[in-house]
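**Q** This is the structure, below, for whatever I ask next.
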Amino acid sequence: MHMQLDIALGERLRSLFPRGQPNETAFRKMVAALNTKYDVGLPSWIFGYADDQTVLSDRFPSVSFGLNRDSLRLSAIGQDACEVLTQRGYLLQAALIRELQCPVQVVDRSGEHALSYSRMPLRYYMRRLVVGKTRVDSYWWRSASTNNGQWSENAKFRLAHLLGNALWEQACFLMDQGDELGGDIGEWLESMVGSEDPRTNWTLRSQFKLRLGIECVAVGDGHTAVRSTGTQGLRVMLRDVDFTAKADIQGLWWAGRGRIEGCGLLQRSRRTDIRRLALAGENTEADPS
């Protein structure tokens, strides 16, 4: 399951951000500050930290602090994170109202995850995808730094596998949380998982990825970038990455690094194939979601 809280961005709320310009990192820090100041009760793992304030490197990120048009979007996947937002979301809204001394509109919505077969390939994209480190021995750094941003077929093949592995890891996480995966592929996966940890079943992982049939179509030419992802150091960030899949992918699915700060969200492309291919490599706005 997944849940989202959309917090309307008014001028008073923008004033809480440096120079009035919201970003994902500042959003996460703002919520953390309100959590402490007004005793909202959000657990530390929501913000990516353990109780002793050390960075959680082994926990699957189940919360994302992102931006969406004219709102701040706090998203959660899995029963634990969704339960926290259900129980504490209104307290966060109350904290914002007390801080700003004005009404703050918050809209919540929720849904389920599903993976279903599709006769025809469906197109998806990621506005930002954070991958490997910026070191000379990093495949992703070399690929982003050479050939004027033209991505090889081998690089696209690796990106398709990266996304397939990410969907696999998230599906395993959701099943661990007790969530049911809808759709033909989701139900097939649940029926195939026995008593062993599915993450160690490489054959099942390969079959899962084959059923999804993911292919990388294009990476935005000239839109590779480098961003800091906390204690992980500098990593390569790709923009406008286009995929196709022989599956209807429903719900919130993320891939890559920086997921807690809104990176790596898989979205359905609403543009035609020709339009997306024509715009591949240009700095286009994200499709509406």
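The values are calculated or read from the model by the stated rules, or taken from the named source; none is laboratory data. Note that this is a predicted model, so its numbers are computed, not measured. No Cβ is skipped: glycine too gets one built from the backbone with ideal geometry, and neighbour counts run over all protein chains shown. Surface areas here come from the heavy atoms of the whole protein model, side chains and all, with no ligands, DNA or RNA. Shrake-Rupley method; radii C 1.70, N 1.55, O 1.52, S 1.80 Å.
**Q** State the percentage of accessible surface on the chain attributable to carbon and sulfur atoms; use a 1.4 Å probe and exclude ligands, DNA and RNA. List each step's numbers first, then the result.
**A** Values: 6880 of 14430 Å².
Carbon with sulfur: 48 percent of the solvent-accessible area.
**Q** Quick one, which of [x] 1.02; [y] 1.07; [z] 0.95 is the actual Cα Rg over 2.2 N^0.38 Å calculated for this model?
**A** [x]
**Q** For the peptides 250-262, 125-137, what is the packing order when you average, over each peptide's residues, the other Cβ atoms within 10 Å and list the highest mean first? Don't skip to the answer; put the middle values down first.
**A** Numbers: 250-262: 22.3, 125-137: 18.9.
The most tightly packed comes first, giving 250-262, 125-137.
**Q** Sort Arg142, Arg69, Arg235 by heavy-atom solvent-accessible area, probe 1.4 angstrom, most to least.
**A** Values: Arg142 105, Arg69 170, Arg235 15 Å².
The ranking, largest first, comes out as Arg69, Arg142, Arg235.
**Q** Amide H neighbours of Ala247 under 5 Å, at least 5 residues apart or on other chains, H built in the peptide plane: list them.
**A** Amide H neighbours of Ala247: Ser118, Leu122.
**Q** While we're here: Is any residue of the range 61-99 close enough, with backbone N under 16 Å, to a label point placed 7 angstrom from the Cα of Ser15 along the Cα-Cβ axis, and if so, which?
**A** It comes to 96-99, nothing else.
**Q** Counting heavy atoms of the protein chains only and a 1.4 Å probe, report the per residue accessible area for the range 41-176 as a whole number of Å².
**A** Details: 6920 Å² over 136 residues.
Ligands and nucleic acids excluded, the figure is 51 Å² per residue.
**Q** Give a residue-ordered list of calculated ³J(HN,Hα) values for the range 204-209 (Karplus: 6.51 cos²θ - 1.76 cosθ + 1.60, θ = phi - 60°; whole Hz; x for Gly, Pro).
**A** So the J values, rounded to whole Hz, are 5, 4, 5, 5, 4, 5.
**Q** By how many degrees, between 0 and 90 and to the nearest 10, does the Cα long axis of helix 24-37 differ from the longest principal axis of the chain?
**A** 40 degrees
**Q** Continuing with the same structure: Beta carbons within 10 angstrom, averaged per residue: use that to sort the peptides 113-120, 160-167, highest first. Spell out each step's value before the answer.
**A** Values: 113-120: 15.4, 160-167: 19.6.
Ranking, from highest mean packing down: 160-167, 113-120.
**Q** At each listed q (0.17, 0.21 Å⁻¹), what is the log10 of I(q)/I(0) that the Debye formula gives for the range 6-164 modelled as equal alpha-carbon point scatterers?
**A** One equal scatterer on each Cα of the range 6-164 leads to -1.13, -1.37.
**Q** Another question, if that's okay. At a probe radius of 1.4 Å, what is the per-residue accessible area of Val84, in Å² to the nearest 10?
**A** 20 Å²
**Q** Give the accessible area for Asp51 in Å² (nearest 10); use a 1.4 Å probe, count only protein heavy atoms, and leave out ligands, DNA and RNA.
**A** Only protein atoms counted, so the area is about 140 Å².
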